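Asks: Supplied in structure tokens, the structure appears directly below.
The values are calculated or read from the model by the stated rules, or taken from the named source; none is laboratory data. No experiment lies behind these values; they were computed from the predicted model shown. Note that we place each Cβ from the backbone using ideal geometry, even for glycine, and neighbour counts take in every protein chain shown. These area figures cover heavy atoms from the full protein model, side chains too; ligands, DNA and RNA do not enter into them. Shrake-Rupley method; radii C 1.70, N 1.55, O 1.52, S 1.80 Å.
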Amino acid sequence: MQLQAVIKMQRMKGMIVYRILSFFVNLFAVLLAVSLLPVISMALASPPVAMMAFLMVGVILYAWYSNVFFSIVIIRKEQFTRRKKDWLVVNSFLAIVYSFLYTFVCIVVITHPDILRTTVNQLPVKVSTRFMENVVITMLSFSTILLVHIFWTYYLIRKNKDSIIDDTPTDTE
């Protein structure tokens, strides 16, 4: 009996870390949603901006569906529909692309600081290089947190696959 309590306690400790990661993912998703509003008008004029807006929407939807999955399956121990799981998985793929893209860009900027200085000098608004370095480090940190969260969510989906039910309508005519 004590062994089961210890195992349950270890699982709960892991869930605390997952919840902390979820907090940061959701916080960043809210910031992305707010920053997406002005990007939508630019996305109509530029395909690369439209692609980034699409990836941003994917991250926002991933954050939403992972939160729904966690609250329904892990906390309430209820069943999750296959349709919601599919939304979660598809948007996690977009979030992975977003994370890898930003990780690559951040690593390039960190290893080549002259790129950052040139970019800062070309901005129409005066911004300090130190501020932009902090932004790059924050984006790299978020990309890493997002990737860890995604793969942990995949683990939780696989571990709780019994809780996923098929909700496709059947033709009973």
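Asks: Please go through region 17-35 and give me each residue that is within 16 Å of PHE151 (Cα to Cα) and either over 12 Å from the mean Cα position of the chain (by Cα) or among the hydroxyl-bearing types (Ser, Thr, Tyr) (or both), ordered by number.
Replies: Answer for region 17-35, where residues must be within 16 Å of PHE151 (Cα to Cα) and either over 12 Å from the mean Cα position of the chain (by Cα) or among the hydroxyl-bearing types (Ser, Thr, Tyr) (or both): VAL17, TYR18, ARG19, ILE20, SER22.
Asks: Scan region 131-144 and tell me whether some residue there is over 30 Å from VAL17 (Cα atoms) and either part of a loop (DSSP other than H, G, I, E, B) or of a type in the set (D, E, K, R) (or both). If you could, list the steps in order and put the result at the bottom.
Replies: Within region 131-144, the subset over 30 Å from VAL17 (Cα atoms) is none.
Within region 131-144 (the criterion being over 30 Å from VAL17 (Cα atoms) and either part of a loop (DSSP other than H, G, I, E, B) or of a type in the set (D, E, K, R) (or both)), the answer is no, since none of the residues qualifies.
Asks: Residues SER46, SER41, SER66: which one is under 24 Å from THR153 (Cβ atoms) and polar (S, T, N, Q)? Break it down stepwise before answering.
Replies: Numbers: SER46 fails: under 24 Å from THR153 (Cβ atoms); SER41 fails: under 24 Å from THR153 (Cβ atoms).
When all the criteria are applied, what remains is SER66.
Asks: For TRP64, which of the numbered conditions (1) open to solvent by 30 Å² or more (accessible area, probe 1.4 Å); (2) within 15 Å of VAL148 (Cβ to Cβ) fails to hold?
Replies: (2)
Asks: Among the candidates ARG82, ARG11, single out the residue that is modelled with pLDDT of 85 or more and charged (D, E, K, R).
Replies: Numbers: ARG11 fails: modelled with pLDDT of 85 or more.
Criteria check complete, one pass: ARG82.
Asks: Please work out which one of (1) in a helix (DSSP H, G or I); (2) at pLDDT below 90 is the condition ALA29 fails and give its number.
Replies: (2)
Residues are listed down the side, and each one gets a yes or a no for (1) among the polar types (S, T, N, Q); (2) under 24 Å from LYS161 (Cα atoms):
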residue	(1), (2)
ILE40	no, no
SER71	yes, yes
GLU78	no, yes
LYS84	no, yes
CYS106	no, no
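Asks: Continuing with the same structure: Could you say whether any residue in region 148-168 is part of a helix (DSSP H, G or I), among the polar types (S, T, N, Q) and either touching a Gly at 6+ places or on another chain (Cβ under 9 Å) or at pLDDT 95 or above (or both)?
Replies: Looking only at region 148-168, we keep the residues that are part of a helix (DSSP H, G or I), and these are 148-159, 161-163.
Those still in the list that are among the polar types (S, T, N, Q) too: 153, 163.
Then keep just the ones that are either touching a Gly at 6+ places or on another chain (Cβ under 9 Å) or at pLDDT 95 or above (or both); that gives 153.
Yes, some residue in region 148-168 is part of a helix (DSSP H, G or I), among the polar types (S, T, N, Q) and either touching a Gly at 6+ places or on another chain (Cβ under 9 Å) or at pLDDT 95 or above (or both).
Asks: Could you list, in sequence order, all residues of region 39-56 that are in contact with a helix residue (DSSP H, G or I) (Cβ under 8 Å, 6 or more places away or on another chain) and free of Cβ contacts under 8 Å to residues at least 24 places away in the same chain?
Replies: Within region 39-56, the first condition is being in contact with a helix residue (DSSP H, G or I) (Cβ under 8 Å, 6 or more places away or on another chain), and the residues that meet it are 39-40, 42-44, 49-50, 52-56.
If the condition is that a residue be in contact with a helix residue (DSSP H, G or I) (Cβ under 8 Å, 6 or more places away or on another chain) and free of Cβ contacts under 8 Å to residues at least 24 places away in the same chain, then VAL39, ILE40, MET42, ALA43, LEU44, VAL49, ALA50, MET52, ALA53 are the ones that fit.
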